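The values are calculated or read from the model by the stated rules, or taken from the named source; none is laboratory data. Since the structure is predicted, the reported quantities are computational estimates derived from the model, not experimental observations. No Cβ is skipped: glycine too gets one built from the backbone with ideal geometry, and neighbour counts run over all protein chains shown. Quick note on the areas: whole protein, heavy atoms, side chains included, nothing else; ligands and nucleic acids left out. Shrake-Rupley method; radii C 1.70, N 1.55, O 1.52, S 1.80 Å.
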Amino acid sequence: MTADAQIPEIDLVALEEAPDDAVKKSLGIGFWISVAWLVLIVVISLLAPVLPLADPEKIGLGSKFQSPGGEGWFGFDSNGRDVFSRVIWGSRVSLTVGFIAVVAGLLIGGPLGMMAGYFRGWVDRVVSFAFLILLSFPALILALLIVNSVETRSLRVVALTLGVLAIAPVGRLARANTIVFAEREFVQAARVVGAKNTRILTRELLPNVLIPMGALALLGVAILIVAEGGLAFLGLSVEEGATWGKMILEGSSPGALKDGPHVAMFPIGIMFLTVLALNYAGDKVREFFDVRETAF
Amino acid sequence: MAGTGHAPLRDDPNVLLAVRDLEVEFPVGRGAVVHAVSGISFDVAEGETLGIVGESGCGKSTVAKSIIRLNEIKAGSVDYQGHDLAKLEGEPLRKVRPDLQMIFQDPISSLNPRRKIRDVISEGLAVWGDEHGTWSQDRIEELMLAVGIDPKFGDRRPHQFSGGQCQRIGIARALALDPKVMICDEPVSALDVSVQAQVLNLLEDMKQRYGLTLLFISHDLSVVKNVSDRIIVMYLGKACEIGDADELYENPRHPYTRALLASIPEPAPTVDPSDGDIDGELPSPINPPKGCRFNTRCQHTTDICFTDEPKMQRVGELDHYFACHHPVEISVGL
Amino acid sequence: MLAVPNFAVGVILLFLFAVKLQWLPSRYEPGTTYSQFKSLFLPSLTLALPLAATYQRLLRTDLIGTLQEDFVHMARAKGMPPRHIMTRHALRPSMFSMITVFGINTGALLGGTLVIEQIFSVPGIGSEAVKSIVRDDFPTVLAIVLIIVTAFVVMNMLVDLLYTFLDPRVRS
Amino acid sequence: MSEPQLSVRDLTVRFPTTRGVVQALNGVNFDLEKGQMLGIVGESGSGKSVTAKTLMNLLPRTAEIEGDVIFEGRDVRKLAADGTQHFWGVEMTMVFQDPMTSLNPVKKCGEQIAETLRYHLGRTKKEAIEEAVDLLGQVGLPEPAKRVDQYPHELSGGLRQRVVIAMALACQPSLLIADEPTTAVDVTVQRHILNLLDRLREERGMSMILITHDLGVARGRCDDIAVMYAGRIVERSATETLFSDSRHPYTDALLRSIPRIDQPSHTRLEPIPGRPPELINPPVRCAYSPRCRFAQPDCLSAIPDVHGVRGMHEFACFHPANTDRGREALAANVAAGKTAAGLPIAGYAGGGG
């Protein structure tokens, strides 16, 4: 009997009925609202130079702590600067810092973590130990030490400093996910057909690890936007220009809160919505692809 | 059951793969090691199907994975066409790999969920394409047809197929490299009974069609008997009985083989149901018993079973070997 | 609650209770134990609220997982009442993530909270760290880091002890 | 004939999902006499576990249940709706598949048995532990006094399953449902567990439902066997009748497709083509018809009712195997080279009798 005669045709018919798995899950309306908000924020901050906005640094556009109204949608701060314009220009800094830091963390931590998780042995011990040291050092103090040691705190310095902080958590997650998938039989199958390690890492493992990493990246941007705020509160964020953190700091002295609470509340509100959207979208992406959560 | 010794090794030019004194250990922390496989010797002739049967923890999967070097081998040799697979490393090992392919237990986990099945099947060809000559999509279609998957579904991903279909895809992937030896590690244990026979028949067909030599691992005694020419019964890292499939099930000599055959829900007619009354638990493979490894559960033990490891001995002139100091005597056949 | 950075919580609480309602002081007031307590109340609350949300979420996630375990079905099949299953069966095996994060957070909190101390002008170890970094007082920075790392390590050791108490599998 | 102990009528269970409604059970009917052992055999997705969970009130709240379950004159679904205590676990109880996960890992074995006794029977802690020791002895656990203080991870799979059984039996139930109790253990342990269940059932006059995918397991132990396929019982009869004179083509094909230990090696198997059907929005036809060698046009347009002798040998098929109708259907299909559902059947020899 030849193998062809064995093909049960019905098998193929049954297969056509198999529904596409993708319809089974949906990301939900909340996810799309989050994405819409993020897109809005990103587009506005990108377009800030061409939008008809007041000069964010110009002093005395309005009176001190002037309330929100027709002249300035978000009111004016203690120096009479336009809060609306400053929030938008501030978003450029905050988002850029968050984004660059996460990308730096992903580019360095991701490959290191994957290699540690795939090769195990001494590679794993060295990399994991390095991550452990990075993690056990108090994060903000580390950031402060780096930031404080440079001449000027440019946007690049602050972003890369926060990027250093992102390496260890990103790397640990990459390692944990790689271990989960490296134990699956399809990796053994690839070895059996003679695939080399680089091929297994890039073709077999990377597509699987990429999705939880992407979800983490969204959460990471949120965490790092907050971290920039923390640095700002300690007076150590980017020197030039407005950031959300600096604005909240300026508006949060008891005096400012008393006379012009809007100065702090608008950036807090915008930051809150953005961080919330990033968190929510990240969670949904992770849920959607059903990846095991790892606690670290 | 300590089955050591080279008695079951055949001096036959058709022998394709010969495993000698294979030992595999896994560290489990604090200096302890699991003695997963402790000195097993057997061979497989070209075109033969060798079944390895035993309960969980007996080391049958470890043997399979050691042969294709998915495990580290502690000692022993695996001769394949002049190579000692146990000693090969790096590029020379990779070069032999296409000859020895494997089908895995879990059909879902053995396929990468993020890749199209066309890419899964062609993985080996993509790796070796240049050295084995070029390959075309026709080859993939041919393979898919051979295992009964419509080529028009090549762009789907594994989760869109059933377990049985995934196992067919796994078989197609293994066949793509024209292997000599196919190692099947519990290939049907994750499948529904109604689909199991499809895959077993497919394996038989592929064996005929592509001239394969099969190593078939399973815990299911009926399944192993159905596909195998020769069978090894393993217990706690050792072989206790090796022989021609029909002969071994007809005249089991080792008390453990008899216990297994008596324990299946519809016991083999060749054994006494009371043979299945072995008690106690499987001893720890970290501290396996001295002497015969079956001595903690055997009904026939004497002093020698606790001191000396039994050697493999042959039953007359038959293709039937066992390692026991007190084999069950059978009047017929000798 | 999770999405709110703790300095934002701090600013909002400061605005509400210190500036608007004036129930509590807006900056640290040394003096009597009572005034210290009053001035530390808001910073403590600021730190506690996001943590409470974190712990609630961790416990919830793990509980959902545990409630799908076979042994919970088994307990239901034995006819155990839901409250008993929740408190006696599901709760304990669901606490591990929460305890892990609790250890990390508490260790970090013991080492001072730079930003919150800044907002409420609390003269704590965190403010001291910031000051000494800015004035390049390296020995002080080193001492503070040592204290923080010690607190961190000690808390995590305590958490490990708690694990062995909660899960017999860790003991052997 | 007296009233059966358990009577299940037209039991239907649906699970709404985002992909559509899963028709998990579609009109399940069976009776169980007191002291009897009924085997429910089926593949994954056939509805055997859903049946057990429905009886035990373990389905998620989203499940839509219809039909009647009467146990010793009481309406079980009403008991569930009323939040009745001391029924499940006392009169009707269940053992799950995996002994590794069905014990709480952080509680001692003794405590887990004792809590049942304390809650249902009001025993003191001391009495309950003593009884637990006694129960562990009855299920053949060596050194029971020591085991009550051990945690589940300190026991092997076989011993754990005995602890689970002891736990289920603590309150002297009159019906035990065992859902694949031996699937996760080795054959030598399986034999011990099945012997144990047999012995306990006889000693206590208990009824039992044994759910398994393994026809062999059911054959050696059950008085009656019900074969499930796609949410229905397609055949039910006394055990030996089922094996010697099956009616439903699925049962027939299943028996032929399984390798047997008494066949010589390399015996060609007769596989069932295709695969089990989707349960989402199933079409109105015999669910087995696409894979069936007997399928006729009528199989594709209606769901067959139950035929045969009520309570003796029932089967849901228009063209049953080993009957004239079945032989005619098969002969017609062989002549045409394919079935009414388009399944090619050239060269098939079996099933007609």
Checklist entry - Where both residues lie in chain D, what percent of DSSP beta bridges are antiparallel, nearest 5? => result 65 percent
Checklist outcome for this item: Taking R0 as 56 Å and r as the Cβ-Cβ distance between D:E66 and D:K126, the FRET efficiency 1/(1 + (r/R0)^6), rounded to the nearest 0.05, comes to 0.75
Item to check | Simple label model, 7 Å out from Cα along Cβ direction - B:R30 to C:R169, nm | outcome: 1.7 nm
Checklist outcome for this item: Debye calc, one equal point scatterer per Cα of segment A:28-288, no solvent, log10 I(q)/I(0) at q = 0.07, 0.12, 0.13 1/Å comes to -0.31, -0.78, -0.87
Checklist outcome for this item: Chains A and B: accessible area buried, summed over both chains, 1.4 Å probe, nearest 100 Å², reads 3300 Å²
Item to check | trypsin sites (Lys or Arg not before Pro) lying in DSSP loop within segment A:193-261, provided at most 16 other Cβ fall within 10 Å | outcome: A:K196
Checklist outcome for this item: In this structure, the FRET efficiency calculated for A:V126 and B:I286 from their beta-carbon separation, with R0 = 35 Å, to the nearest 0.05, is 0.75
Next on the checklist: If a paramagnetic tag sat 7 Å from the Cα of D:R325 along the Cα-Cβ line, which residues of segment D:226-248 would have the backbone N under 12 Å from that point?
Outcome noted: D:248
Item to check | Average other protein chain Cβ within 10 Å of Cβ, residues D:285-292 | outcome: 1
Checklist outcome for this item: Mean separation of Cα contacts under 8 Å (at least 6 apart) over the residue count of chain D, i.e. the relative contact order in percent, is 18 percent
Item to check | All-pairs Cα distance distribution in segment D:32-110, expressed in whole percent, bin size 10 Å | outcome: 13, 42, 35, 10
Checklist entry - Counting only other chains, what is the mean number of Cβ atoms within 10 angstrom of the Cβ of each residue in peptide D:271-283? => result 6
Checklist entry - How do B:58-70, D:174-186, D:78-90 rank on mean C-beta neighbours within 10 Å, highest first? => result B:58-70, D:174-186, D:78-90
Checklist entry - How would you rank C:133-142, C:14-23, highest first, on the average number of other Cβ atoms within 10 Å across their residues? => result C:14-23, C:133-142
Next on the checklist: Show me you know the interface measure: the accessible area buried between D and C, both chains summed, probe 1.4 Å, in Å² to the nearest 100.
Outcome noted: 2100 Å²
Next on the checklist: Out of all Cα-Cα pairs in segment B:15-322, roughly what percent, to the nearest whole number, are more than 32 Å apart?
Outcome noted: 30 percent
Checklist outcome for this item: quick note, chain B, DSSP beta bridge pairs, % antiparallel (nearest 5) is 60 percent
Next on the checklist: For peptide B:215-227, what's the mean number of Cβ atoms from other chains within 10 Å of each residue's Cβ?
Outcome noted: 4
Next on the checklist: Report the number of Lys pairs in chain A whose alpha-carbons are under 21 Å apart, with separation of 8 or more residues or on distinct chains.
Outcome noted: 6
Next on the checklist: Given a 1.4 angstrom probe, I'd like the percentage of the accessible area of chain C that is carbon and sulfur, rounded to a whole number.
Outcome noted: 67 percent
Checklist outcome for this item: chain D -> Rg/Rh from Cα coords, Kirkwood Rh, value 1.01
Item to check | Residues of chain C: accessible area per residue with a 1.4 Å probe, Å² | outcome: 51 Å²
Checklist entry - How much accessible area per residue does segment D:268-353 have, in Å², with a 1.4 Å probe? => result 47 Å²
Checklist entry - Given the C-alpha centroids of segment C:130-163 and segment C:1-80, what is the distance between them in whole angstrom? => result 23 Å
Checklist entry - How would you rank A:49-55, D:189-195, D:124-130, B:240-246, highest first, on the average number of other Cβ atoms within 10 Å across their residues? => result B:240-246, D:189-195, D:124-130, A:49-55
Item to check | Cα-projected label distance for D:Q85 with A:K64, points at 7 Å along beta-carbon direction, nm | outcome: 6.9 nm
Item to check | Contact surface C-A: accessible area buried, both sides summed, square angstrom, 1.4 angstrom probe | outcome: 2600 Å²
Checklist outcome for this item: Two pseudo-spin positions, 7 Å from Cα along C-beta at D:R74 and at D:D10, lie apart in nanometres by 2.5 nm
Next on the checklist: I'd like the distance separating the alpha-carbon centroids of segment B:186-252 and segment D:2-43, in whole Å.
Outcome noted: 36 Å
Checklist outcome for this item: Count of lysine pairs, segment D:1-151, Cα-Cα under 23 Å, sep. 8 or more residues or interchain, comes to 13
Checklist outcome for this item: For chain D, the percent of accessible surface on carbon and sulfur atoms (probe 1.4 angstrom, ligands and nucleic acids excluded) is 51 percent
Item to check | Sequence-separation-based contact order of segment A:28-288, relative, with Cα cut under 8 Å and 6+ spacing, percent | outcome: 26 percent
Checklist entry - Are there trypsin sites (Lys or Arg not before Pro) in segment B:70-157 that DSSP puts in a loop and that have at most 16 other Cβ atoms within 10 Å, and which ones? => result B:K87, B:K116
Checklist outcome for this item: Percent relative contact order for chain B, counting Cα pairs under 8 Å at least six residues apart, stands at 24 percent
Next on the checklist: Among DSSP bridges having both ends in the protein assembly as shown, what percentage is antiparallel? Round to the nearest 5.
Outcome noted: 60 percent
Item to check | Spread of Cα-to-Cα distances over 10 Å intervals beginning at zero, given as percent, for the protein assembly as shown | outcome: 2, 8, 15, 18, 19, 16, 11, 7, 4, 1, 0, 0
Checklist entry - So which residues of segment B:77-117 lose at least 50 Å² of accessible area, probe 1.4 Å, when you go from the chain by itself to every protein chain present? => result B:R94, B:R97, B:F104, B:S109, B:N112, B:R114, B:R115
Checklist entry - How much accessible area per residue does chain A have, in Å², with a 1.4 Å probe? => result 45 Å²
Checklist entry - Carbon-plus-sulfur fraction of the accessible area of chain B, 1.4 Å probe, in percent? => result 48 percent
Checklist entry - At q = 0.12, 0.17, 0.26, 0.28 Å⁻¹, what log₁₀ I(q)/I(0) does a Debye calculation on the Cα points of segment B:269-334 give, no solvent, two decimals? => result -0.38, -0.75, -1.24, -1.27
Checklist entry - B:N14 to B:K95: FRET efficiency via 1/(1 + (r/R0)^6), r the Cβ-Cβ distance, R0 30 Å, to the nearest 0.05? => result 0.80
